[in-house]
Amino acid sequence: MTQSNRPTRRGRPSKYSPALCERVESTAEHGATLVQIAVACDVCTSTVKTWMREFPEFSAAVTRARARADAPVESALYHAALSGDNVAIKIWLSNRRPHEWSDAKRVEVKRAGGGAIEYANVSDADLIAEAEAIIGASKARASADDARVRLTSAVDRIAGATIDPRMLSDGVLDALEAATVDE
């Protein structure tokens, strides 16, 4: 432990120094990727990502440099869109107004009992379980509707009356089913 009660770091000393920010800015300013930035710093890409999380000045240098690299491209895209280039128009609008111009379609799936499924941290297994529940509920409704039709036919035969199957509650259906099975 150090005097400040923080654990000491083990392993190799970091190659990071604030002086790297200048090198990163000049590299990223020319459109460099994180891999190219890592090469310029003589480290691996995961180290660059770690430095971006741990050193705000390093992250800010990368962000500033990327913004300077992106600015002329954005300007060229904008001017191409204004000159009638359909592809540039599509790209510009898809990125600036994604809700109105994106090709992606939003599909809302409802739970068997109602309510939308939240997709934030849903695993594939959870989605499959929800789909199976929805399919099962659909089959159950079809079976219940079929049972209502069969039971009303039985009641019609027994009582000589005509009953609308949609008017039967589940409790009545259960009672009628028990009565018709007994006969």
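Only residues that are part of a helix (DSSP H, G or I), out of contact with any Ser or Thr (no Cβ under 7 Å at 6 or more places or on another chain), without any contact (Cβ under 8 Å) to a residue 12 or more places away in the chain and among the hydrophobic types (A, V, I, L, M, F, W, C) were counted across region 20-49, and they come to 1.
Pairs are defined by a Cβ separation below 8 Å, a sequence spacing of at least 6 or placement on different chains, a first member in region 90-102 that is farther than 15 Å from Ser75 by Cα, and a second member that is assigned to a helix (DSSP H, G or I) and of a type in the set (D, E, K, R); the pairs so defined are Trp101/Lys90.
For the condition at negative phi and in contact with a Leu (Cβ under 9 Å, 6 or more places away or on another chain), what is the one hit in Ala76, Ala61, Ala32, Ala65? Step through it out loud before you land on a result.
Details: Ala76 fails: in contact with a Leu (Cβ under 9 Å, 6 or more places away or on another chain); Ala32 fails: in contact with a Leu (Cβ under 9 Å, 6 or more places away or on another chain); Ala65 fails: in contact with a Leu (Cβ under 9 Å, 6 or more places away or on another chain).
When all the criteria are applied, what remains is Ala61.
All told, Glu74 meets the bar of being of a type in the set (Asp, Glu), over 20 Å from Lys15 (Cα atoms), surrounded by 12 or more Cβ atoms within 10 Å (Cβ to Cβ) and free of Cβ contacts under 8 Å to residues at least 60 places away in the same chain.
Taken together, the values in this text are just the output of simple stated rules run on the coordinates, not laboratory data. Here the structure is a predicted model, which means the values were calculated and not measured. With ideal geometry, Cβ positions are generated from the backbone for all residues, glycine too; neighbour counts draw on all protein chains shown.
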